[in-house]
Amino acid sequence: MAASLVFKLHDRGPEVVREVLLERGWEEYDEGQQEEEDWNLYWRGSTFCNSEYLKLLPWQRLNHHPKTAGITRKDFLARNLRRMRASLGSALYDFSPTAFILPNDYTRFLAEYNKLRPTRGSPVYWICKPVDLSRGRGIFIFEDIRDLVYDCSVIVQRYISNPLLISGYKFDLRIYVCVKSFHPLTVYIHQEGLVRFATEKYNLSSLHNLYSHLTNTSINKSGPYYKTKKERVGQGCKWTMSKFRHFLYSQDIDELQLWQRINNIVTLTLLTIAPTVPSCPNCVELFGFDILIDGKFKPWLLEVNYSPALTLDCQADITVKKGLISDLIDLMNYSSTDSLRERAYHKQRYKQPCCHADKPAHVSVPVLSKRKESKFRKKTSKVYTSQTQALPLLKNSHQSEKINQRRAFVTDYHRHLPLVDLNKIYAARGKVSNTTGTKNHTNKTLNLILGPDIRRNVSSVTRQTCPAPPPWLTTNRSLHISEVTNRDVSETELELSEETDVSSLVPDIPHSGLGFRRSAVSWKLPNIYSGSHRPVSFPLEGATAANGQGFPPLRVGDFIRTFPFNTATLKASQHKLDVKTVIQELQKLTAEMASGQSDKTKRRREEKEVKKDTEAEEDFDSLFWGPRDPPLLSQCFNTT
Ligand code: ADP
């Protein structure tokens, strides 16, 4: 039976997501008509509740991973990058302007300010930004410390005062990055980003003029020159990345190194949180990386947006964002089975554990049927004990209509999903069904995934899962639950306007290594090319397709895989992320790019050596993100 995939949008937005999904034949979730779990994608601008991750069913996806605030809040990002600089060297992590979190770092800032204060020569500028605001709100630039006034937590960052200009206008790049999985780390960057311009010419003698110094659309949209046709830039304040590439080409600028540096920035930034983000295979994350290029062509990371704005303000937005969302949906690997939702998954006894990714593969529990069954039993006993008795209690006809719909659903449900006795299943597997044990285990698992405080929030979640603890739960020496100190307040709803760029409000994540242990098994978001679970629509062709070996595909639409980028990084990310190896590989690649003298054959030989140690028989190629028609990475080096 043909069925549509169903999407659920929080707070009615963003419109472009609705538009794209409807065009692709999806249906919008209707609370009145559909059951609670009868959806495939839940999209939110703000964070999901912990319980939403825990309730996630095999056919469902969320557009956020838990606990990514470590890079999406300005102060957490600054702190995490500082930590990486301290442990891995400032040369590697030199891509973000020096930053201080005030009021805490005030003394350190003062010392730096005094050190850099010019006695003569060029002045030094600073930019002050509230840590949890976005869209340019509350930002100001100053040279003299007496102008630094703040009444909330802020970061003060070295102002990049020599930005690359196009016809005198400042701009930055909005790069869309999709982390398809944190375990193993799998990253795609979209070919089409946005270039966002300031709408008045850059001028250091007017620091208060935000239209000259900030590139936020929400600021510039209301500027006096937004609609004016500006020299070279044109009307409005945005270009597509394609147009920018064309511009670079017309200026005879060698872009390769620039793109490679931006790739590195993305990877190195994600490495700061990747080891501590819980495994959640049915989630993807779309980040917006803001990159400023200076006059010497050095790219700087300004910030990472948690929920990049998806409003369509101009033609550039339409071109970029519609394609972006469509490609993102392709990356989510929906299959025709997903569209059948509970019916298909139940019939197939499909037991994907979603967030409980480390559960042993042999364990198969009909999670849904039992849970739904008890839910419906409760409902039926409450509402239908006596039809004549229940209905008069209803407040209005809408409610009674709802009840009738539910009744029809229950009948239908019973037809499709027979009762499952969990005790029998446990007995058949030689395990004792012990409610307390299951509950304890569930709590432990929740702690691992979301931190110990989760118990407060999910006490009502009674998933009947996990009959046996995974081996690492009983043996893992590094697992001290108290280490997981996240104070997760993601239950707090942040209501957002449609065009919000959100810095996530989830509080800090611990900086030290955690006891999360994942395996390659946790990579459970159905593989695009695996067996019968083929995607509904997947416009890949020829060389761009996956190699059929379970490697992530090179590209999905305009998303180019940037991590893992070779066999060594693939291997380093399969189990516990080996950050050191990843860094070494990045450095190697960068050095080869920089010298431009690498011998292709030598590289191939080295790759083959690594391959000998792996089970991978296939070539593991990567495309070079940046150019419009990206070549293979291995083709980017001169052969001398
Ligand atoms: P928001 O989340 O409010 O957009 P950003 O950090 O992105 O905050 O800063 C807003 C804008 O300010 C950027 O798009 C950029 O134009 C400018 N900006 C921010 N930080 C710097 C900096 N260190 N140097 C130069 N310009 C900056």
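The table that follows gives values for the structure above.
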read-out: Mean Cβ count within 10 Å, highest first, over the residues of peptides 92-103, 68-79; value: 68-79, 92-103
read-out: Neighbour-count order for THR107, THR569, fewest beta carbons within 10 angstrom listed first; value: THR107, THR569
read-out: FRET E, pair ALA111, SER167, Förster distance 51 Å, beta-carbon r, rounded to 0.05; value: 0.85
read-out: Total formal charge among the other residues, if their Cβ is under 10 angstrom from that of ASN209, Lys/Arg +1 and Asp/Glu -1; value: 0
read-out: Radius 9 Å from Cβ of TYR169, net charge of other residues (Lys, Arg +1; Asp, Glu -1); value: +2
read-out: Residue exposure sequence - PHE197, PHE182 - by fewest surrounding Cβ within 10 Å; value: PHE197, PHE182
read-out: Least to most buried among ASP254, ASP172 (fewest other Cβ within 10 Å first); value: ASP254, ASP172
read-out: Shape call, the stretch 211-254: gyration tensor on alpha carbons, a/c limit 1.5; value: prolate
read-out: Euclidean distance between Cα centres, the stretch 236-276 to the stretch 114-158, Å; value: 26
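None of the figures in this text is laboratory data; all of them are computed from the coordinates on show. These figures come from a predicted structure and were not determined experimentally. With ideal geometry, Cβ positions are generated from the backbone for all residues, glycine too; neighbour counts draw on all protein chains shown.
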